[in-house]
Amino acid sequence: MDVANQSGLLLKTRPAKLTRRQHETWIGLLFLSPWLIGFVFLKALPILAALIFSLTDFQMLTPESTKFIGLENYVRFFSDIEAGASLLGSLRYFLLTVPLEMIVALVLAAIFTSERLKNKRLSQTLIFMTSIIPSTSIFFIFLGSLAYANRLIFTPLNLPSIEGNGLLLPFMALWSIGPGFLILYSAMKSVPNEMYEAARVDGAGPFARFIYITLPMISPAIFFTLVINLTGAFGGAVLLDRGYILNFSLSPMESYINHTMFLEADLGYASALAWMTFGVMMTLTIFLFWSAKRWVYFPEEHEDEQI
Amino acid sequence: MNRSKRGGEHSRLTLRLWDFTGTAMLNLFMFLFLVAYLSPLPFMVIASLTPRNQFLDGNAPILPSERVKFNYEGKDLIVYEVPTEHGIKHWALYKPSRKSSQFIDPNNPQAGPILWQGAWRTLKAVYEFKPTLDNFKAFLSVARMSLYFKNTIIVAIISEIGVLFSSIAVAYGFSRFRIPGIKYIFFLLIATIMIPSNITLVPTYYLYSGHMLNWIGTWLPLIVPHFFGSAVLIFLLRQNFKSIPRDLDEAAMLDGASPLRILISVILPQSIPVVTTVALLHFFYIWNETRLSSLYLGIAPHLQLVSFAVQRNQTYFFTPEALMVGALMVMVIPVIVLFLSQRFFMQDMIVTQIEK
């Protein structure tokens, strides 16, 4: 009886026939389901917990005395000069490293698509190789080779020796070029050859082909690289983890959050800091997505799902 | 007529000459770039072959070298450059003292100790070129590298399979289907990329701990999350899938191909470079990852992974030599993988027709 009832209910609630659009939606959701399930069961709970922590004075060493303090952590953020300086530092880091990194990666990737270049396997391996050196070692490599350069070249020639301070960021940016280079290069490899041939028949030179075909066709990959570098600069997800010592990171904001969290063990305030950083990052990203409508090219968009 | 023919030959010649110069310039540029780009790398190799303590002596030569020693009466004496009235002599220091010291002339040890006036600490030691593998030996004697390599390769391969299947499926879902509100789901995905990862560390640890899932001390925290797709890689794949024109998949759809069939036969063959990139990036990510493996595998030494083990070792002996040895150890396998994977980039795009 019950079973019959249930099956009757099931039959009733199931639509007689799905429209084509509904069918598409369900299949699409089926493809999205791995990430959706993972988000609900593994990601959502910790994120929610971090949100709640930011409203408490959670000290990791004395968790039993935790109490709800409302928005006090956020108020503290606005009077915390160091937090503001770290945010600005992250922005500066982004503006100093990312343009250099992306332009060099773009030029290299363009050169790599040329059939005239020899020994591509070796060159590509060498270019990427520097991006997997652990961060503990990379500073020693930088300082050590600077010392060598000073000893072998600058001192014998009576030139002033080089100081490392101003050079560290560009050096790190160039030696982290691997992932960006790989992404842009693989995007360039995906551009159909027929497009270049058609342009060549129309008399477009290599430079014009790069500007009018390659750049628009790989703009989605450029956009991706920009967003990921932005998150990296503020301490979000990174493409390659170099590993880091104690609380030190190249991103000033990430260093500050880690310092608050691991050394001061102040999880409540660290969470609030992270959410404020998240807010700044999300604002910048939404701005990037908004601007993407003007410069990121996708063939045949449906009107209701742009970007 | 004759003239135009000659003109044609002429221009063909200039074209070939132009072509040759272009090729030469391009390769020369790449070569010079690589030389400049990799110029700090020799330091890495030299430092890893340098004997201990050489970095402590500011006057030591750059190449890996050892102090020259002279055996006198069963003792190893260090040889110094000693200025005398007969020029600079290479003498072995026998009895050091602040104002004056006794030296032995290695060429004439029978003559006995020679007294020299001056502070021996200002003297330069004599070095001879002698690269050593001791740093590598010391490193391998502490770290069970072969076990760590095996562990990392197992974890990397299993999670690689998971991340590729799920990320490709999800990216396909994001790029080809009209779902109401998909824009907001996509922004949710982007938001998970933006949340600073350390902040969810404590609650995530709680989730994996004995209170809930009991995964501490196993590889599960490093593997299982990847089976639900990686947000960064989904984003990257989605950007690529969306830039593939829809003509071919619409044609296939009219022929009655299922969405899965379209993904496998139309989308993926056009995305070999980006799928290779994603596979490589994930492999390197797992290979270099230290935070999670230190957190979840700290209590299980036999399960530990390469980069955390190396980093721990590097903090034990925090010397330039040890750091370089560790970096070289971590880099070996990724470099081999990278070199072998180039085959997939070298292929030109194959656009397959779907079979009916």
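The values are calculated or read from the model by the stated rules, or taken from the named source; none is laboratory data. Here the structure is a predicted model, which is why all the values come from computation and not from measurement. Glycine gets a Cβ as well: all are built from the backbone with ideal geometry, and neighbour counts include every protein chain shown.
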Output the residues belonging to the range A:50-83 that are among the polar types (S, T, N, Q) and in a helix (DSSP H, G or I).
A:SER65, A:ASN73, A:SER79
Those residues of the range A:247-277 which are of a type in the set (Phe, Trp, Tyr) and either surrounded by fewer than 24 Cβ atoms within 10 Å (Cβ to Cβ) or over 19 Å from A:GLY232 (Cα atoms) (or both), in sequence order
A:PHE248, A:PHE262, A:TYR269, A:TRP275
Per the list (1) surrounded by fewer than 12 Cβ atoms within 10 Å (Cβ to Cβ); (2) over 25 Å from B:ILE234 (Cα atoms); (3) within 9 Å of chain B (Cβ to nearest Cβ), residue check on A:ARG21 breaks on (2)
Count of residues meeting criterion [closer than 22 Å to B:THR204 by Cβ and facing another protein chain (nearest Cβ under 9 Å)] in the range B:295-318:
3
Please verify whether A:ALA221 is modelled with pLDDT under 85 and within 8 Å of another protein chain (Cβ to nearest Cβ), treating the condition exactly as stated.
no
Given (1) assigned to a helix (DSSP H, G or I); (2) within 12 Å of chain B (Cβ to nearest Cβ), identify the lone condition not met by A:THR97.
(2)
So how many residues does the range A:25-54 have that are touching a residue at least 40 places away in the same chain (Cβ under 8 Å) and either more than 7 Å from chain B (Cβ to nearest Cβ) or more than 25 Å from the chain's Cα centre (by Cα) (or both)?
3
Search result, residues across the range A:52-87 that are under 24 Å from A:GLY232 (Cα atoms), exposed (fewer than 15 other Cβ atoms within 10 Å of the Cβ) and hydrophobic (A, V, I, L, M, F, W, C):
A:PHE78, A:ILE81, A:ALA85
Would it be correct to say that A:GLY89 is within 24 Å of the chain's Cα centre (by Cα), closer than 29 Å to B:ALA322 by Cα and modelled with pLDDT of 85 or more?
no
Which of (1) surrounded by fewer than 15 Cβ atoms within 10 Å (Cβ to Cβ); (2) modelled with pLDDT under 85; (3) of a type in the set (A, V, I, L, M, F, W, C) does A:LEU168 not meet, given it meets every other one?
(1)
Out of (1) buried (at least 22 other Cβ atoms within 10 Å of the Cβ); (2) at positive phi, what's the single condition that is false for B:SER243?
(2)
Right, A:LEU182: assigned by TED's automatic domain parsing to the domain that holds A:TYR93 and modelled with pLDDT of 85 or more or not?
yes
Filtering the range B:199-254 for residues that are at the interface with chain A (Cβ under 8 Å from one of its Cβ atoms), under 30 Å from A:TYR297 (Cβ atoms) and not small (Gly, Ala, Ser) leaves a count of 10
Failed criterion for B:MET212 (all others in (1) out of contact with any Ser or Thr (no Cβ under 8 Å at 6 or more places or on another chain); (2) of a type in the set (A, V, I, L, M); (3) in a helix (DSSP H, G or I) hold):
(3)
Tally of residues being buried (at least 18 other Cβ atoms within 10 Å of the Cβ) and aliphatic (A, V, I, L, M) across the range A:111-125
1
Look through B:PHE20, B:PHE43, B:PHE29 and report the one residue that is surrounded by 10 or more Cβ atoms within 10 Å (Cβ to Cβ), at pLDDT 90 or above and part of a helix (DSSP H, G or I).
B:PHE29
Pairs needed: first member in the range A:125-149, outside any helix (DSSP H, G or I); second member anywhere, basic (Lys, Arg); C-beta distance under 9 Å; at least 6 residues apart or different chains.
A:ILE133/A:ARG242; A:PRO134/A:ARG242
Quick check on this structure: which one of B:VAL325, B:VAL274, B:VAL310, B:VAL266 is assigned to a helix (DSSP H, G or I), touching a Phe, Trp or Tyr at 6+ places or on another chain (Cβ under 6 Å), surrounded by 22 or more Cβ atoms within 10 Å (Cβ to Cβ) and of a type outside the set (Lys, Arg)?
B:VAL325
Does the range B:343-356 hold any residues that are surrounded by fewer than 16 Cβ atoms within 10 Å (Cβ to Cβ) and either modelled with pLDDT of 50 or more or among the β-branched types (Val, Ile, Thr) (or both), and which are they?
B:ARG343, B:MET346, B:GLN347, B:ASP348, B:ILE350, B:VAL351, B:THR352
Out of all the residues in the range B:133-142, is one or more in a loop (DSSP other than H, G, I, E, B) and at pLDDT below 80?
no
